[in-house]
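These notes concern the structure reproduced below.
The values are calculated or read from the model by the stated rules, or taken from the named source; none is laboratory data. Note that the structure is a prediction, hence the values are computed from the model and not measured. Cβ coordinates were reconstructed from backbone atoms using ideal geometry, including for glycine residues, and neighbour counts include every protein chain displayed. Surface areas here come from the heavy atoms of the whole protein model, side chains and all, with no ligands, DNA or RNA. Shrake-Rupley method; radii C 1.70, N 1.55, O 1.52, S 1.80 Å.
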Amino acid sequence: DKPKAIESKSGAADIVTQTDKKTEETIISFIQSHYPEHMILGEEGGVITSSSGGAAAGGGSEFLWCIDPLDGTTNFAHSFPSFGVSVGLLHQGVPVAGSVVEFTGGPYCWNTRSFAAGLGLGATCNGERCSVSATDSVQV
């Protein structure tokens with residue numbers, strides 16, 4: 001969908017769209033419905049603690065979800081087809097899981113790639129195992 005209601009956050013290059021906000025709201029709602037005791041850090045909304053009165057209500061949850069609802073907002077706002085949604089989970093400050101859905105292509109030819117990783121589990125791209133390059137330096 002084309003961006004609507006583009007706003008500036010702290011400067012001309014730091015923008016937010018209605019899509020950023022709605023995507024973050026949807027992800028937060030999902031996490032809260034499944035993990036009400038966990039804390040959430042959203043790029044647009046900041047830190048959210050539990051409203052259930054549990055450990056997270058005082059900021060004491062061992063789990064913190066980190067959300068970038070539209071990674072590449074500037075690309076999205078300018079209709080450049082390269083952006084994604086990023087979600088990560090930390091347990092006691094240690095990254096334990098992450099997922100990125102990348103959107104590429106553009107109108108009439110959209111494509112996605114889904115990346116996922118878990119501590120000790122490796123990483124996947126569209127369900128297939130993937131890894132970093134074995135190249136340790138790049139010569140120019």
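A few remarks follow.
- Options PHE80, PHE76, PHE63, PHE115; residue that is aromatic (Phe, Trp, Tyr) and over 25 Å from GLN18 (Cα atoms): PHE63
- For the residues GLY72, GLY59, GLY11, the requirement of being in contact with a strand residue (DSSP E or B) (Cβ under 8 Å, 6 or more places away or on another chain), at pLDDT below 95 and exposed (fewer than 14 other Cβ atoms within 10 Å of the Cβ) singles out GLY59.
- The listed residue being within 13 Å of the chain's Cα centre (by Cα) and either closer than 20 Å to ALA123 by Cα or hydrophobic (A, V, I, L, M, F, W, C) (or both), out of VAL100, VAL96: VAL100
- Scanning segment 93-140 for residues that are exposed (fewer than 10 other Cβ atoms within 10 Å of the Cβ), hydroxyl-bearing (Ser, Thr, Tyr) and closer than 28 Å to PHE63 by Cα gives a single hit, SER131.
- Each residue in segment 29-56 was checked for being at pLDDT 85 or above, open to solvent by 30 Å² or more (accessible area, probe 1.4 Å) and part of a helix (DSSP H, G or I), and 5 of them qualify.
- Only one of the numbered conditions (1) over 16 Å from the mean Cα position of the chain (by Cα); (2) modelled with pLDDT of 95 or more; (3) of a type in the set (A, V, I, L, M) is violated by LEU64, and that is (1).
- Filter result for SER82 (in contact with a Phe, Trp or Tyr (Cβ under 9 Å, 6 or more places away or on another chain) and modelled with pLDDT of 95 or more): no
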